[in-house]
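Asks: I'd like to ask you about the structure that follows.
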Amino acid sequence: MADTLSTRRWGLPAPLRDLAREPRTYARLAWTWTRAVAQYPMALSLFTLGVTLASLAEMGAVVVVFAHAGTLAGFTVYEGLLVYALAAFSFGAAQLLTGSVDRLGEHIRTGSFDTMLVRPVSPLVQLAADQFSPRRFGRIVPALVVLVVALVMCDIDWTLERILMLPVLLASGVVICTSVWLIAGCLQFFATDAREAANSVTYGGQALTEYPIAIYGRGLVRSVTYVVPLAFVSWQPALHLLDRPDPTGLPGFLRFLGPVVAVALALVAAQVWRFGLRRYRSTGS
Amino acid sequence: MRVHAAVYARGLRRHSTYRAALVAGALTNAVFGAINAMVLLAVFAARPEINGYDASDAVTQVFVGQALIAVTMIVNTAPSLDLAERVRGGEVATDLLRPVSLLGWWMAEDLGRATFTFLFRGVPTFCVGLLLFDVVLPGSPVQVVAVLLSAVLATVIGFALRYLCSLSGFWLLDSRGLWTASGLVAPVAAGMLLPLALFPPALADVLRYLPWASMVQIPAEILLGKDSLPGGGAFGGLALQAGWAVALLVFAAWLTGRATRRVVIQGG
């Protein structure tokens, strides 16, 4: 009765209503995990400090590298930091939202994935929110600070289009990273102890996109543009913001394709997840 | 001694069961090695020599680091010795009942793990580096021996540091904070994040004498035959490593005595 009433008031068809429910369930689960880890405030603050210091060390490495080289692929140190910050923000946000997906193999092995399947909540939402911890903000906040500094220090021609495009580019980066993370996590449906192999795509992708990717040579730039589209996380957005021609000679319109790539990759990720879930057989005993 | 040999063999066998994880791990190390190497190659393309390092030196060090990463386990921010969890959970009581020393037992087990990991994860990772990049190989049989000895000492130092982290649980109750801290300091101070040669020379000289450098930087310099080693050669480097290994193990033995006198096991 209550259900029909709310349907009438919302006027949404059932599938869309379900879709609107998922983020709220996610938020509730994330909040539960946050309250759980907040029971140990000392440990939480130490972990957060640790994550922050680790990002600062990575940033320091970028600065040291540019200090020795002067420019890399025509990028100065602040332009390099812009690339770093775009990558670190996107991966940090993806890790905050869905970082636990790479523990899928563990859940399958211990049987806790079966528990998720019998609950009346999407298993993807449960898996993504599993072990949610605010300490991951320790990666995002420094990235945002460096992003702001880099945006101010770089010589950027702030047209209205660029101002409007910035949040779109950031959101696309987050969606691309989240999708890569999910696809890599789904590998564990087929090989339960492949977590480390998945890490070479997820954390490896992060390490790769933290520098102007032109330094890796044309072959690699093409494969991270057309095969695993990580170039749209930091490289193409940076080229657009700085109004640079692509030094590897790829067409200039690519830099506007970020949002399209993000949506396409998200659809692929959803299909891979469904395929894996349909093929999943419990480990037994 | 026979007990230790048996524990060593069991440690080796136990880790030989996770074969898929081993391949996945070697792949990951190779990918990270390749990414780091390409970044450094770009730097050295702009400046052919930095503080006595050239491009192939830097690339070699990257792959020494990646080959030893899973052997010394220095970058793990989570407890990487089972002992840590056993101190927290209280199962360490069982370990203490055994008529062998706690330190000897865990060292034998960990060296078994390290041997297997070195042969089947470290060496393949280094070979990928050899295939893809201009990686330097030891020039003479004597140097091969020096490099292998250096890798063994690096492993012992890695074990001793992780054992000390585990023991801290007797005082801190939960040692995970210390594990995180050591997992963050180590890659920077060891020359894993970047070769120490790229740091300001004053800082690099201090870091070179700390135990972490003995796990990547010193083995790499021994392989490269650098005169920046303490005493100007491989012998000095090995002496520094041996010094740290002995010092840390003696400290660990002393601390084990203190810890076991403190421990109170509840229930029965």
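Asks: Specify the residue with the greatest mean-square fluctuation among B:VAL147, B:VAL100, B:VAL216, computed from a Gaussian network of chain B linking alpha-carbon atoms under 10 Å apart.
Replies: Maximum among the listed residues: B:VAL100.
Asks: Hey, can you list the DSSP H helices of chain A whose Cα span along the axis is 15 Å or longer and whose average Kyte-Doolittle score is at least 1.0?
Replies: Membrane-span-like by this criterion, though nothing is claimed about a membrane: A:41-69, A:77-98, A:137-153, A:160-190, A:258-279.
Asks: Please give the calculated 222 nm ellipticity per residue for chain B, where each DSSP H segment of at least 4 residues contributes -39500 (n - 2.57) and the sum is spread over every residue; nearest 500 deg cm²/dmol?
Replies: About -22500 deg cm²/dmol.
Asks: Where in the range B:202-241 is the amide nitrogen less than 12 Å from a point lying 7 Å along the Cα-to-Cβ axis of A:ALA67?
Replies: What the label zone holds, given the 12 Å backbone N cut-off, is B:202-204.
Asks: Kirkwood hydrodynamic radius, the protein assembly as shown, all distinct C-alpha pairs: what's the number in Å?
Replies: After inverting the mean inverse Cα-Cα distance, the result is 25.4 Å.
Asks: In whole Hz, what ³J(HN,Hα) sequence does the range B:122-137 give by Karplus (6.51, -1.76, 1.60; θ = phi - 60°), x for Gly and Pro?
Replies: Whole-Hz 3J(HN,Hα) from phi for the range B:122-137: x, 4, x, 4, 5, 5, 4, x, 5, 6, 8, 10, 7, 8, 7, 10.
Asks: Would you please give the FRET efficiency between A:LEU160 and A:LEU44, computed as 1/(1 + (r/R0)^6) with r the Cβ-Cβ distance and R0 = 56 Å, to the nearest 0.05?
Replies: 0.85
Asks: Another one. What are the semi-axes of the equivalent ellipsoid of chain B, taken as the square roots of 5 times the eigenvalues of the Cα gyration tensor, listed largest first and rounded to whole Å? Spell out each step's value before the answer.
Replies: Values: eigenvalues 227, 75, 59 Å².
Three semi-axes, in Å: 34, 19, 17.
Asks: Once you place label points 7 Å from the Cα toward the Cβ at A:PHE190 and A:VAL145, how far apart are they in nm?
Replies: Rounded to a tenth, the inter-label distance reads 4.2 nm.
Asks: While we're here: Select from A:SER112, A:SER90, A:SER179 the residue whose mean-square fluctuation is largest in a Gaussian network model of chain A (Cα-Cα springs shorter than 10 Å).
Replies: Maximum among the listed residues: A:SER112.
Asks: Rounded to two decimal places and with Rh computed the Kirkwood way over Cα pairs, what is Rg over Rh for the range B:1-149? Intermediate results must be reported in sequence, preceding the final value.
Replies: On the way: Rg = 18.7 Å, Rh = 17.4 Å.
Radius of gyration relative to Kirkwood radius: 1.07.
Asks: Rg/Rh for the range A:14-279: what does it come to with C-alpha atoms and Rh from Kirkwood?
Replies: Radius of gyration relative to Kirkwood radius: 0.98.
Asks: Taking Cα centroids, how far is the range B:88-159 from the range B:10-58 in Å?
Replies: Measuring centre to centre over Cα atoms gives 16 Å.
Asks: Work out how much length B:LEU137 to B:ARG98 would gain on full extension: take 0.36 nm times their residue separation and subtract the Cα-Cα distance, in nm to one decimal.
Replies: Length difference between fully extended and current span is 9.7 nm.
Asks: Project the alpha carbons of the range B:183-268 onto their principal axes and report the range along each, largest first, in whole Å.
Replies: Result for the range B:183-268: principal-axis Cα extents of 57, 27, 21 Å.
Throughout, read-outs are computed from the coordinates displayed, never taken from laboratory work. Given the structure is predicted, the values throughout are model-derived calculations rather than measurements. Note that we place each Cβ from the backbone using ideal geometry, even for glycine, and neighbour counts take in every protein chain shown.
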